[in-house]
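The values are calculated or read from the model by the stated rules, or taken from the named source; none is laboratory data. The structure displayed is predicted, hence computed values, not measured ones. So basically every Cβ, Gly included, is an ideal-geometry build from the backbone, and we count neighbours across all protein chains shown. Ligands, DNA and RNA are excluded from the accessible area calculation, which covers all protein heavy atoms including side chains. Shrake-Rupley method; radii C 1.70, N 1.55, O 1.52, S 1.80 Å.
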Amino acid sequence: MTALSDILARQIALTGPLTVADYMEQCLFHPAHGYYTTREPFGATGDFVTAPEISQMFGELLGLWAAETWLRLGSPAPFVLAELGPGRGTMMADILRATARVAGFHEAARVVLVEASPRLRAKQAETLRAYPVEWVERIEALPPGPLVLLANEFIDALPIRQFVRTPDGIAERMVGLDAAGNLAFGLRPGARLDSRAEARLAVAPPGAVLEICPLGLSVAATLGARLALSGGAALLVDYGHAGGFGDTLQALYRHAFDDVLAHPGQADLTAHVDFAALARAAMGAGARAFGPLPQGALLQRLGLDDRAFRLKRAASEADREMVEAARLRLAGSDEGQMGTLFKALALVHPALKEIAGFAPG
Ligand code: SAH
C-alpha cells in the first residue's frame with residue numbers, strides 16, 4: 001500500500017472504477033504522489049536505466065541524425081530542435097555536444113523541451129545550463145517553424161486503455177476495488193471502439209487484449225500535421241511492436257518487475273508502444289513514416305561501431321570494457337540487450353524521400 005493507493009481507493013469508492021489510462025495517469029503524474037512528480041527514476045540508483053544513461057554514444061549518434069536531417073532540410077535558420085520527455089536532460093546534452101562543430105547548427109537551433117514534470121524540468125535545466133533552453137508542457141505549444149524532434153522512452157510512459165475480447169463482446173479493463181477494498185482489475189462490458197479496432201478484435205482469440213494509447217496517437221497526429229505544415233522530421237525511439245494483441249502494461253519497482261497495482265506512485269508504469277498505430281496516425285495527418293527499425297540497426301547505420309572504436313582508442317582499459325559493454329547493450333539482440341526490443345520510427349515531411357539511418361521510403 002502507498003499513500004496513492006488510499007487516495008485512489010477512496011476515489012473509486014466514490015465515483016467508480018478507473019480506466020487503466022486514468023490509473024496510469026494518476027500513478028505517473030499525481031501532483032503530490034506521482035512517480036515522475038516525486039522522483040528521478042533514471043540511472044543506476046533509479047528503477048530503470050535508459051539508453052542515454054547507458055552511454056554518451058546514444059545521444060551523440062542521435063545528434064548526428066539531427067544534424068544530417070537539418071542539412072537535408074536545407075539548413076533552415078532558425079529551426080526548432082525539440083525533445084519530448086527528456087528525463088535528466090542527458091540525451092540533449094550529448095546531442096548538443098556532438099553537433100557543436102556542425103557549422104551553423106547551434107546558431108540556428110532553438111532548443112525546446114517538452115516536459116510535464118516540474119521536478120525533471122529543474123534537473124534538465126541543471127544538465128543543460130551551458131545552453132539556452134526553453135520548456136513547454138505540451139507538444140501543441142512548440143514554437144512554429146521547421147522542426148527536428150527526438151524522443152526516447154516517451155511514448156511508453158503515456159497512459160493506455162485496454163480492451164478485451166469476451167464471449168459477450170468487447171469489455172474495457174478497469175481498476176476497481178475487491179471485497180476487501182483493495183485495488184483490483186475488473187472488466188466493464190459494452191465497450192465501443194472504432195470500426196477498424198472492433199473488426200480486429202472480432203476475429204481475435206477469446207481473452208485477446210487490444211491496447212490503445214490515446215495520448216500517443218494524438219501526439220503522432222499532432223506531429224504529423226505539424227511536420228507536413230512547417231517541414232522537418234521526428235525520431236521516436238521506444239520499446240514496442242508493430243501492432244498485435246497482448247497485455248504489455250508493466251510495473252518496475254526498484255529494478256524488478258512488480259504487480260501493476262502494488263505500488264501506485266512508487267513504481268514506474270509503462271506499456272509497449274504500437275508503432276504501426278503511431279505511423280498510421282501520423283500519416284493520416286499528412287506525414288511520411290519510415291520504420292519501425294530495430295534500435296541496433298539504426299545505431300549501426302549511424303556509425304555506432306566507429307564511434308565505439310574511437311572512444312576505446314582514447315580510453316583506459318577499464319573504460320574500454322565499459323564502452324564495449326555499452327555498445328552491446330545498446331545494439332545487441334540477446335535478452336537484456338536493447339538492439340531489437342527497442343525500435344525507432346521516423347516521421348517526416350512528405351517531400352522527404354530519405355532520412356538518415358533508414359532505408360529510402
Ligand atoms: N527520455 C528520457 C526519459 C524517459 S522517461 C530518457 O531516455 O532517459 C519519460 C519522460 O517523459 C519523463 O521525462 C517524463 O516526465 C516525461 N513525460 C511523460 N509523460 C509526459 C507528458 N504527458 N507530457 C510531457 N512529458 C511527459
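Among the residues of the stretch 215-229, are any open to solvent by 40 Å² or more (accessible area, probe 1.4 Å), within 16 Å of the ligand (Cβ to nearest atom), more than 30 Å from P76 (Cα to Cα) and modelled with pLDDT of 95 or more?
No: zero hits.
Keeping to the stretch 27-64, report how many residues are aliphatic (A, V, I, L, M), outside any helix (DSSP H, G or I) and within 9 Å of the ligand (Cβ to nearest atom).
1
Go through (1) buried (at least 21 other Cβ atoms within 10 Å of the Cβ); (2) more than 16 Å from the ligand (Cβ to nearest atom); (3) more than 22 Å from H349 (Cα to Cα) and name the single condition A109 misses.
Here A109 meets the rest and fails (3).
Between A93, A67, which is part of a helix (DSSP H, G or I), open to solvent by less than 30 Å² (accessible area, probe 1.4 Å), within 16 Å of the ligand (Cβ to nearest atom) and out of contact with any Lys or Arg (no Cβ under 9 Å at 6 or more places or on another chain)?
Just one listed residue meets the conditions, A93.
Quickly run through the stretch 68-110 and pick out the residues that are more than 20 Å from T127 (Cβ to Cβ), free of Cβ contacts under 8 Å to residues at least 60 places away in the same chain and not acidic (D, E).
Answer for the stretch 68-110, where residues must be more than 20 Å from T127 (Cβ to Cβ), free of Cβ contacts under 8 Å to residues at least 60 places away in the same chain and not acidic (D, E): L71, G74, S75, A77, R101, V102, A103, G104, A108.
In the stretch 224-266, what count of residues is obtained for those that are outside any strand (DSSP E or B) and not small (G, A, S)?
The qualifying residues number 15.
So which of A202, A221 ends up being within 18 Å of R280 (Cα to Cα) and out of contact with any strand residue (DSSP E or B) (no Cβ under 7 Å at 6 or more places or on another chain)?
A221
Just to check your reading of the model, which residue among R119, R165, R129 is of a type in the set (K, R), away from the ligand (no atom under 16 Å from the Cβ), at negative phi and surrounded by fewer than 17 Cβ atoms within 10 Å (Cβ to Cβ)?
R129
Looking at the stretch 298-321 only, could you name the residues that are touching a residue at least 24 places away in the same chain (Cβ under 8 Å) and out of contact with any strand residue (DSSP E or B) (no Cβ under 8 Å at 6 or more places or on another chain)?
Once the filter is applied, which keeps residues that are touching a residue at least 24 places away in the same chain (Cβ under 8 Å) and out of contact with any strand residue (DSSP E or B) (no Cβ under 8 Å at 6 or more places or on another chain), the stretch 298-321 yields L299, Q300, R301, L302, G303, L304, R307, A308, L311.
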